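Each remark here refers to the structure printed beneath this line.
All of the numbers you see were taken from the coordinates with simple rules; none came from a lab. Everything numeric here is computed off the predicted structure, so don't read it as measured data. Cβ placement follows ideal geometry from the backbone for every residue including glycine, while neighbour counts extend to all protein chains displayed.
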Amino acid sequence: MRTEPVILKKLEALPDDVALLRAYVGDRLTWRNPQHPWRVDSRFKLKGVPTLISWENDAVKGRLEDYEAHLEHKINALVSGN
C-alpha cells in the first residue's frame, strides 16, 4: 500500500498530542458490501480506504479520501488544520 509509509512518516514528525487510530474494514468482499458498518455510520461515512479523518471535540474537522490520503501536502494541511 502506497499510503501507509507516507502517513506514518508524517505522523512521526507531529507533536505527541496527535494519535493515529487504525480501523480495519475486513477483506475486499466484506468492504464492498454497501451496508458495511463504516460506510453507513453517520460519523464516518467511508467511501474508500484508506481514509484519514481529523477529529476535534467529537466532530470531524477534516478528511482525506482514499484517492488523496497518500499526498504529503494534503496530510500536512489536514493535521495542521489548514
>> Using Cβ contacts closer than 10 Å as the measure, can you line up Leu71, Leu20, Leu64 from fewest to most?
In response: Leu20, Leu71, Leu64
>> Using Cβ counts within 10 Å as a stand-in for footprinting exposure, how do Ser80, Ser42 rank, fewest first?
In response: Ser42, Ser80
>> Need the full-extension length gain, Leu14 to Asn76, defined as separation in residues times 0.36 nm minus the C-alpha distance. One decimal, nm.
In response: 21.4 nm
>> Can you list residues from other chains, or at least 5 along the same chain, whose modelled amide H is less than 5 Å from the amide H of Trp55?
In response: Lys61
> Using the Cα atoms as the points, what is the convex hull volume per residue of the chain in Å³?
Replying inline: 96 Å³
>> Helix-only mean residue ellipticity at 222 nm, the chain, DSSP H runs n ≥ 4 weighted -39,500 (n - 2.57), per residue, nearest 500. What is it?
In response: -8500 deg cm²/dmol
> Hey, in the GNM for the chain with a 10 angstrom Cα cutoff, which one of Asp41, Asp27, Asp17 fluctuates hardest?
Replying inline: Asp17
> Considering the zone a paramagnetic label at Asn33 would reach in this model (a point 7 Å from Cα along the Cα-to-Cβ line), which residues of segment 42-73 have amide N under 20 Å from it?
Replying inline: 42-51
